[in-house]
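The values are calculated or read from the model by the stated rules, or taken from the named source; none is laboratory data. What you see is a predicted model, and the numbers here were worked out from it, not measured in a lab. Glycine gets a Cβ as well: all are built from the backbone with ideal geometry, and neighbour counts include every protein chain shown. Areas reflect the complete protein model, heavy atoms only, side chains present, ligands, DNA and RNA absent. Shrake-Rupley method; radii C 1.70, N 1.55, O 1.52, S 1.80 Å.
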Amino acid sequence: MPQSRRSPPIINAPPLVTALALSLVVAHVIRLLGGQALDGFFVDVGAVFPERFWGWAGMSVGPQAYPPYGNALSALIPLVGTAFVHGSWSHLLMNAVMLVALGKPVYLVLQRVSRSVMGGNSAFLILFLMSVAAGSLVHLLTHFPVGPPAIGASGGVSGYLAAVLLLQNGPNLLSRKFLTVTVVFVVANAMLAFLGPSMFGAQIAWQAHIGGYVAGAILFRYMLTRRQKAGI
């Protein structure tokens, strides 16, 4: 009897990795189709505004187009919510494609060293969200007390990149190989500060990339070390 041939999946990645990437796309589509009110909502909960954050924290930021955040929750949500807000399709697709490419090997390693599938899934999502938050915090610190807003999942993607590079050049965070690729990453992102507007038509929140990268490297190494000590 002839054997049936199943078509390969469009996205060759574990379901959770694919779902996370698609969630970025869905959020962007909803924002585009939702009208002005919904677009304003996405910007309010997803754009990291230094003057709004530092104004909420009690710093004097002078006249501003947007009022300070009203409470701690509204100030903290954008630190992670920014991953689901993108300025253009090119911005979104670049992050989504990189997320799939980098997230797949990271996910597989975390599943292998975790006690359960749920544990691996949780570690994968925590690594992403913590890297996003770290990138947002570095953006805020380097734009104190005012500066351009930051949006996008680049901090989380940079965290996954750090994890992949650690797998390839580590596992020691202070190894010569890993420090070398880290310096290359930092220099490349610093160059984006000058080339970004001409190449992409907008400023690049390169500090958020570096923040996500550093947090991703440290957290991923901690996840691996913790499971090694547990004998997994």
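Name, by its number, the condition in (1) surrounded by 20 or more Cβ atoms within 10 Å (Cβ to Cβ); (2) touching a helix residue (DSSP H, G or I) at 6+ places or on another chain (Cβ under 7 Å) that does not hold for Gln64.
Exception for Gln64: condition (1).
In segment 43-61, which residue that is in a loop (DSSP other than H, G, I, E, B) and of a type in the set (Gly, Ala, Ser) is most open to solvent (accessible area, probe 1.4 Å)?
Looking at residues that are in a loop (DSSP other than H, G, I, E, B) and of a type in the set (Gly, Ala, Ser), I get Ser60.
Against the condition open to solvent by less than 30 Å² (accessible area, probe 1.4 Å), of a type outside the set (Phe, Trp, Tyr) and in contact with a His (Cβ under 7 Å, 6 or more places away or on another chain), how does Leu99 come out, does it pass? Walk me through it before giving the result.
Details: open to solvent by less than 30 Å² (accessible area, probe 1.4 Å): yes; of a type outside the set (Phe, Trp, Tyr): yes; in contact with a His (Cβ under 7 Å, 6 or more places away or on another chain): no.
Judged against the criteria, Leu99 is not a match.
Conditions (1) polar (S, T, N, Q); (2) closer than 23 Å to Phe42 by Cβ, marked per residue:
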residue	(1), (2)
Ser114	yes, no
Ile126	no, no
Gly147	no, yes
Gly152	no, yes
Leu161	no, no
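Restricting the search to segment 159-179, which residues are within 18 Å of Leu224 (Cβ to Cβ) and either among the charged types (D, E, K, R) or within 11 Å of the chain's Cα centre (by Cα) (or both)?
Those that are within 18 Å of Leu224 (Cβ to Cβ) and either among the charged types (D, E, K, R) or within 11 Å of the chain's Cα centre (by Cα) (or both): Gly159, Tyr160, Leu161, Lys177.
Has segment 85-97 got at least one residue that is more than 17 Å from Ala208 (Cα to Cα) and outside any helix (DSSP H, G or I)?
Within segment 85-97, one or more residues are more than 17 Å from Ala208 (Cα to Cα) and outside any helix (DSSP H, G or I).
Residue by residue, here is whether (1) hydroxyl-bearing (Ser, Thr, Tyr); (2) out of contact with any Ser or Thr (no Cβ under 7 Å at 6 or more places or on another chain); (3) at pLDDT 90 or above holds:
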residue	(1), (2), (3)
Pro149	no, yes, yes
Gly159	no, no, yes
Leu174	no, yes, yes
Leu195	no, yes, no
Ile204	no, yes, no
Val214	no, yes, yes
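Looking only at segment 102-134, how many residues end up being of a type in the set (A, V, I, L, M, F, W, C) and open to solvent by less than 10 Å² (accessible area, probe 1.4 Å)? It would help to see each step written out before you state the result.
First, pick out the residues of segment 102-134 that are of a type in the set (A, V, I, L, M, F, W, C): 102, 106, 108-110, 113, 117-118, 123-130, 132-134.
Still in the list and also open to solvent by less than 10 Å² (accessible area, probe 1.4 Å): 106, 110, 123-124, 127-128, 132.
Residues flagged as of a type in the set (A, V, I, L, M, F, W, C) and open to solvent by less than 10 Å² (accessible area, probe 1.4 Å) within segment 102-134 amount to 7.
What number goes with the only condition from (1) in contact (Cβ under 8 Å) with a residue 60 or more places away in the chain; (2) open to solvent by 30 Å² or more (accessible area, probe 1.4 Å); (3) not in a helix (DSSP H, G or I) that Val214 does not pass?
So the condition that Val214 fails would be (3).
Being among the aliphatic types (A, V, I, L, M), at pLDDT 95 or above and either touching an Asp or Glu at 6+ places or on another chain (Cβ under 6 Å) or crowded, with 24+ Cβ neighbours inside 10 Å (or both): is that true of Leu137 here?
no
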